[in-house]
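The next block holds one structure in the form of structure tokens; read it before the comments.
The values are calculated or read from the model by the stated rules, or taken from the named source; none is laboratory data. The shown structure was predicted, so the numbers you read here are calculated from the model rather than taken from an experiment. Cβ placement follows ideal geometry from the backbone for every residue including glycine, while neighbour counts extend to all protein chains displayed.
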Amino acid sequence: MPMLYFSLSVGVMHVTLALVLGARSALRKGSRKEAIFRLANVVLILAGAVLMVSFIFPAQRGVLLPALMTVGVVVPLILVTGGLMAPLEMVKNIGNVISYARIMAIGLSSVFIANAANTLSGKTGDVVSGLVVGALLHILSIVLGLFSPTIHTLRLHYVEFFSKFIEQGGRKFEPFKK
């Protein structure tokens, strides 16, 4: 469970940073309403994190009422500033945070494949076949352990992080035209 808590806390920090950068970007282009919307989403995510902590650790129940009151104030603000798409954006932000648990699960799957490799190679009964089976499965485990979390982390960064504050624009890239 500590790994899950850690991965979700990294998700909260990453999505919060993206929304703060999005608010800054909105202020730079003069859209105060969008900046308020993004900052209200930050407050909602942080209040949700506080609510989760208060449910996980019973000693922290004293923050339950203030966090619920914060959610009660922020949700209408989000609905007013975000328009019809605001509920979808709130759910999307929660999904973005939970996506970080997937990276943890992918990392753990590599550990379980390595454990299965050790078990299977020990049950072959022959040293040579045990080494071959173990080596092949450990190579698979290493490849999956390196590439899968990297690909998913890049996807989280480019799709879920950058989408909060980077807007497409500029001119079309045409390398051979003047």
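Annotations for the structure displayed:
- Yes/no for Thr150 being among the hydroxyl-bearing types (Ser, Thr, Tyr) and either at pLDDT below 85 or over 30 Å from Asn96 (Cβ atoms) (or both): no
- Looking only at segment 74-130, and only at residues there that are part of a helix (DSSP H, G or I) and among the charged types (D, E, K, R), the one that is farthest from Ser163 (Cα to Cα): Arg102
- Residue in segment 9-30 that is touching a residue at least 24 places away in the same chain (Cβ under 8 Å), farther than 29 Å from Gly169 by Cα and part of a helix (DSSP H, G or I) present: yes
- Taking segment 147-178 as the range and being of a type in the set (Asp, Glu), in contact (Cβ under 8 Å) with a residue 40 or more places away in the chain and assigned to a loop (DSSP other than H, G, I, E, B) as the test, only Glu167 passes.
- Only one of Leu46, Leu51 that is hydrophobic (A, V, I, L, M, F, W, C) and either touching a Ser or Thr at 6+ places or on another chain (Cβ under 8 Å) or touching a residue at least 40 places away in the same chain (Cβ under 8 Å) (or both): Leu46
- The set of residues in segment 30-65 being surrounded by fewer than 18 Cβ atoms within 10 Å (Cβ to Cβ) and among the polar types (S, T, N, Q) consists of Ser31, Gln60.
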